[in-house]
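The structure appears below as structure tokens.
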Amino acid sequence: MKYPPQQIRSLMDVLAVLAHIPESEIDGSNTFSAEFSILLRKQLTHNSNQIRCFGVLATIATIRQLSAMSKVKIGRSYSHFI
């Protein structure tokens, strides 16, 4: 199966968002976050270049999501100065 990079990127973006939902917004712990981390490690160490590329796209999506979350936290924590 061959998927266009844009579809894989979109899928990984969605999965990264789901994996990094704050625990305060869901009941209990986010076990999908741990599963997603395992998936990333497996993809990044896979023998197939195509699967490794999926892992790279997922890692970039995760970094993008964590960056967006930290900007929101920083914005909220310094909003009282504005």
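Quick notes
- Any chance S29 is exposed (fewer than 10 other Cβ atoms within 10 Å of the Cβ), more than 12 Å from the chain's Cα centre (by Cα) and modelled with pLDDT of 85 or more: no
- Taking residues in the range 54-67 that are under 10 Å from Q43 (Cα atoms), and partners anywhere that are in a helix (DSSP H, G or I) and of a type in the set (S, T, N, Q), the pairs with Cβ atoms closer than 6 Å and at least 6 places apart or on different chains are F54/Q43; G55/Q43.
- Residues satisfying the stated conditions in the range 51-82, i.e. in a helix (DSSP H, G or I), modelled with pLDDT under 90 and more than 14 Å from the chain's Cα centre (by Cα): K71, V72, K73, I74, G75, R76, S77, S79, H80, F81
The values are calculated or read from the model by the stated rules, or taken from the named source; none is laboratory data. Remember, it's a predicted structure, so these values are computed and weren't measured experimentally. A quick note on method: Cβ atoms are made from the backbone with ideal geometry, for glycine too, and the neighbour counts reach across all protein chains shown.
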